[in-house]
């Protein structure tokens with residue numbers, strides 16, 4: 001049977017303290033029924049003080065988790081305790097969930113336990129701040145991880161795939177990434193009026209739903225969306241769109257494809273979110289996230305995270321788009337400039353290869369050429385303009401043209417380099433270049449070399465081994481230092497001469513002597529076509545993507561017959 005409740009208001013001073021404090025104070029009997037609540041607790045609970053008396057906490061506040069287990073422990077052993085309760089009272093609040101921190105003490109009278117007193121402060125605001133800080137830390141950690149996994153290359157489709165794979169399953173059960181194709185893409189006809197055409201660049205789904213991936217168009221396919229549907233609207237406004245339960249698929253917005261929506265529902269997807277990919281004010285595409293099965297609907301927090309990740313990815317995609325465009329221009333320029341080398345003398349057989357660098361660098365200024373000279377001789381040239389991109393390719397074309405003009409004067413190779421150096425200085429360019437010249441004379445069975453800071457030539461002998469030929473290296477062209485030397489060496493019968501740029505052998509962080517040994521350690525047959533020979537050499541040396549452009553020129557001399565001397 002419950003004991004008589006204590007009267008906490010017998011003292012006027014105590015009354016002033018209890019009723020003047022902003023802390024909520026309540027007294028409960030041994031059955032945890034209210035005996036007294038001060039005005040602050042009454043306001044906190046949204047219930048008049050008189051309506052508390054004689055009722056339990058659960059009766060007054062059914063939506064509150066009051067931690068009655070802690071209160072009973074205080075009554076049982078007399079040890080004061082603190083506890084945090086949460087939920088809602090009848091008082092209005094802007095918090096999604098409210099929190100209170102309370103301190104509880106047992107009350108005794110004449111050796112008897114008569115109840116307990118609780119002093120309560122609301123801590124909802126501080127808990128919200130703590131929650132927001134934790135969410136912010138989680139978001140920053142997610143963005144830091146994304147920075148290492150998204151945009152590892154300058155290839156658009158690879159970056160799109162990295163974005164999709166990162167979002168699954170962190171934020172979605174399935175993700176598709178669509179990009180705006182360039183106007184000249186694949187010579188496509190313009191889409192019909194009122195239709196937006198995007199290219200599906202990536203698709204990713206959780207393992208348990210891989211059997212349902214067929215509901216999405218495959219990567220590389222073009223997808224049409226009717227104006228007014230989710231994806232065109234997202235691109236037009238630049239704002240994300242969320243459709244939980246696909247409630248808006250047929251109302252308020254025109255569905256891009258009702259059959260596509262039906263397939264998604266049939267596959268178990270129940271919610272979608274479209275986020276624009278925008279960088280530097282230009283739309284790049286969209287990323288669409290789906291949730292299926294027991295996954296919850298998308299929340300505002302999910303939208304914020306998706307926008308942050310999409311913003312990071314859009315910068316990488318924009319960089320990749322600019323790189324792809326510039327790389328394509330430079331590559332086409334490079335190929336155009338190298339597509340028509342001059343024809344050598346009939347007594348000199350040549351073959352060449354040009355390989356642009358991989359995804360980490362723009363195409364550069366590697367080049368080669370052959371020029372007919374008098375007396376049946378042929379000038380073989382290999383050069384490398386420093387730098388990458390369109391500018392390097394343009395300078396390469398200028399240097400190559402100047403070399404052809406100088407070669408027509410029938411000068412020795414060292415003098416050609418001297419004059420070429422002076423011409424480059426005169427153009428005002430600050431882009432130096434290396435160059436190796438070799439004048440092949442089949443009639444005399446000699447080759448005369450001169451080098452402007454270029455790697456030495458190599459000879460593939462009849463027994464299959466490769467030897468580097470010593471040629472004094474002068475300073476690179478464009479430095480104005482001059483001092484080039486010509487050296488004449490015999491052309492060994494049946495041997496193949498190899499001229500190449502550093503991309504063939506050099507590897508980042510490796511000593512150049514070791515890089516050159518990679519070439520000289522090769523064994524290759526000399527009695528096959530030069531094209532087949534170059535294919536074999538490249539296959540053995542280029543086992544990974546080239547870190548720099550590669551240019552190779554192979555030449556084989558044939559002595560003219562006695563009745564047909566060289567011209």
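The values are calculated or read from the model by the stated rules, or taken from the named source; none is laboratory data. Just so you know, these numbers come straight off a predicted model, no measurement behind them. Virtual Cβ from ideal backbone geometry, glycine too; neighbours counted across all protein chains shown.
Observations
- Boolean, residue 296 is out of contact with any strand residue (DSSP E or B) (no Cβ under 6 Å at 6 or more places or on another chain), surrounded by fewer than 20 Cβ atoms within 10 Å (Cβ to Cβ), at pLDDT 75 or above and not assigned by TED's automatic domain parsing to the domain that holds residue 205: no
- Criterion: surrounded by 12 or more Cβ atoms within 10 Å (Cβ to Cβ) and either within 22 Å of residue 470 (Cβ to Cβ) or at pLDDT below 90 (or both) - qualifying residue of 519, 534: 519
- For the stretch 45-67, a residue qualifies if it is under 53 Å from the mean Cα position of the chain (by Cα) and not in a loop (DSSP other than H, G, I, E, B), and the qualifying residues are 45, 64, 65.
- Any hit, the stretch 79-89, residues being part of a loop (DSSP other than H, G, I, E, B), on the phi > 0 side of the Ramachandran plot, free of Cβ contacts under 8 Å to residues at least 60 places away in the same chain and surrounded by 17 or more Cβ atoms within 10 Å (Cβ to Cβ): no
- Matching option when the condition is outside the structural domain of residue 150 (by TED's automatic domain parsing) and modelled with pLDDT of 90 or more, among 347, 378, 360: 378
- Number of residues in the stretch 399-421 that are surrounded by fewer than 19 Cβ atoms within 10 Å (Cβ to Cβ) and within 44 Å of the chain's Cα centre (by Cα) equals 3.
- Failed condition for residue 114, given (1) part of a helix (DSSP H, G or I); (2) surrounded by 14 or more Cβ atoms within 10 Å (Cβ to Cβ); (3) modelled with pLDDT of 85 or more: (1)
- Filtering the stretch 479-487 for residues that are under 26 Å from residue 513 (Cβ atoms), in contact with a strand residue (DSSP E or B) (Cβ under 6 Å, 6 or more places away or on another chain) and without any contact (Cβ under 8 Å) to a residue 60 or more places away in the chain leaves a non-empty set.
- Criterion violated by residue 401 - all others in (1) in a helix (DSSP H, G or I); (2) touching a residue at least 12 places away in the same chain (Cβ under 8 Å) satisfied: (2)
- Residue tally, condition part of a helix (DSSP H, G or I), over 22 Å from residue 379 (Cα atoms) and touching a residue at least 24 places away in the same chain (Cβ under 8 Å), over the stretch 513-534: 3
- Leading residue by the ranking (modelled with the highest pLDDT) among those in the stretch 120-164 that are crowded, with 18+ Cβ neighbours inside 10 Å and assigned to a strand (DSSP E or B): 120
- Any hit, the stretch 121-128, residues being in contact (Cβ under 8 Å) with a residue 60 or more places away in the chain and within 56 Å of the chain's Cα centre (by Cα): yes
- Selection count where residues are touching a helix residue (DSSP H, G or I) at 6+ places or on another chain (Cβ under 8 Å) and in contact (Cβ under 8 Å) with a residue 60 or more places away in the chain, scope the stretch 141-157: 10
- Test result for residue 379, within 46 Å of the chain's Cα centre (by Cα) and over 23 Å from residue 503 (Cα atoms): no
- Each residue in the stretch 417-442 was checked for being farther than 14 Å from residue 472 by Cβ, part of a strand (DSSP E or B) and in contact with a helix residue (DSSP H, G or I) (Cβ under 8 Å, 6 or more places away or on another chain), and 3 pass.
- Residue within the stretch 481-492 that is surrounded by 21 or more Cβ atoms within 10 Å (Cβ to Cβ) and either over 30 Å from residue 523 (Cβ atoms) or not assigned by TED's automatic domain parsing to the domain that holds residue 534 (or both) present: yes
- Restricting the stretch 193-211 to residues that are more than 20 Å from residue 163 (Cα to Cα) and touching a residue at least 24 places away in the same chain (Cβ under 8 Å) leaves a set whose member that is surrounded by the most Cβ atoms within 10 Å (Cβ to Cβ) is 196.
- Within the stretch 443-455, restricting attention to residues that are touching a residue at least 40 places away in the same chain (Cβ under 8 Å) and under 39 Å from the mean Cα position of the chain (by Cα), the residue that is nearest to residue 475 (Cα to Cα) is 454.
- Criterion (within 21 Å of residue 366 (Cβ to Cβ) and in contact with a helix residue (DSSP H, G or I) (Cβ under 6 Å, 6 or more places away or on another chain)) met by exactly one of 469, 477: 477
- Residue 190 in a loop (DSSP other than H, G, I, E, B), out of contact with any helix residue (DSSP H, G or I) (no Cβ under 6 Å at 6 or more places or on another chain) and modelled with pLDDT under 75: yes
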